[in-house]
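Here's the structure, in structure tokens; my notes come after.
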Amino acid sequence: MVYSLASEAVDERDLRQLLEEIYQERSLSFFCSGQNIPMGDRDIWVVYRGVVQLNILYPSGEEGLLGLAADYMPFGLPLTAIDAYYATALSDVDLMRLTVSEVDQSPTLAHSIWRQLNRRLRQTEAMLALVGHQRVKDRLVHLLLLLKEEIGQPVSEGTRLNVKLTHQHLANAIGTVRFV
């Protein structure tokens, strides 16, 4: 089952407006598609535009997809317990870097970040639920439905994903291997 993000649209506008009011003088950091995002121990990144892929690197050297951070979703080392956690721009992205202390000092900002973290938690649970499907085909179908909800853009023909996903991205996301 895929959840709807319609109720989070208001929260996104609130966070965008708050960030624009508080951090008018701060510039955004731009990363090209495919570029790794530097992660600091006290840095919380907020996606302003684009999609960031959140990954884990297993001891075997294989990668796993933990989730996607889209507009106004936060990510960073202070928000995870995963040691081999890293982030890659899945599209061209603009990010705002906040520190943990900045978030701690502003109850309004902390509340807005918390609401977006809740959105990421729901996405993570939906990703975990994919694994429960035994057939790879069913996992792929449910992943595509989740992607439609998370990053899909309505077009006259249906829905467009404005990111380029490789076969390897899809295989990592559904816990299978890509056969060549």
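Coordinate-derived values only; no laboratory data. Given the structure is predicted, the values throughout are model-derived calculations rather than measurements. With ideal geometry, Cβ positions are generated from the backbone for all residues, glycine too; neighbour counts draw on all protein chains shown.
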Subject >> Between helix 8-22 and the chain: long-axis angle, C-alpha atoms, 0 to 90°, nearest 10 >> reply: 40
Original post:
Taking +1 at the Cβ of each Lys and Arg and -1 at the Cβ of each Asp and Glu, which of A126, N36, Q116 sits farthest along the dipole of region 8-174 towards its positive end, judged by Cα position relative to the Cα centre?
Top reply: A126
Original post:
What are the principal axis extents of the Cα atoms in region 8-174, in Å, biggest first?
Top reply: 48, 44, 28
**OP:** Please state the charge dipole magnitude for region 28-180, taken about the Cα centre, from unit charges on C-beta atoms (+1 on K and R, -1 on D and E), reported in debye and rounded to the nearest 20.
**Re:** 440
Original post:
Which cross-chain or sequence-distant (5 or more) residues have an amide H under 5 Å from the amide H of L68, H modelled 1.01 Å from N in plane?
Top reply: L54
Subject >> Positive minus negative residues near L128 (Lys, Arg vs Asp, Glu; Cβ under 15 Å) >> reply: 0
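At most 13 other Cβ atoms within 10 Å and a DSSP loop assignment: could you name the GluC sites (Glu not before Pro) in region 28-102 that fit?
Details: sites: E62, E63, E102; in loops: E62.
Passing both the DSSP loop test and the Cβ count: E62.
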**OP:** Compute the normalised compactness of region 85-176: alpha-carbon radius of gyration over 2.2 N^0.38 Å, N being the residue count.
**Re:** 1.32
**OP:** Using +1 at the Cβ of each Lys and Arg and -1 at the Cβ of each Asp and Glu in the chain, identify which of L77, Q17, L54 lies farthest towards the dipole's positive end.
**Re:** L54
**OP:** Please find, in a Gaussian network model of the chain (springs between Cα atoms separated by less than 10 Å), the residue of D92, D83, D43 whose mean-square fluctuation is greatest.
**Re:** D83
Original post:
So, with +1 on the Cβ of K and R and -1 on the Cβ of D and E, and no other charges, what is the size of the charge dipole of region 126-180 about its Cα centre, to the nearest 20 debye?
Top reply: 200
**OP:** Measure off 7 Å from each Cα along the Cα-to-Cβ vector at H167 and Q134, then give the distance between these two points in nanometres to one decimal.
**Re:** 2.6
Subject >> Mean-position separation - Cα centroids, region 120-180 and region 32-50, in angstrom >> reply: 22
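Net charge within 11 Å of G76 by Cβ-Cβ distance, Lys/Arg positive one each and Asp/Glu negative one each, not counting G76 itself? Present the calculation step by step, with values, prior to reporting the outcome.
Numbers: positive: R42, R97; negative: D41, D43.
That sum, taken over residues with Cβ under 11 Å, equals 0.
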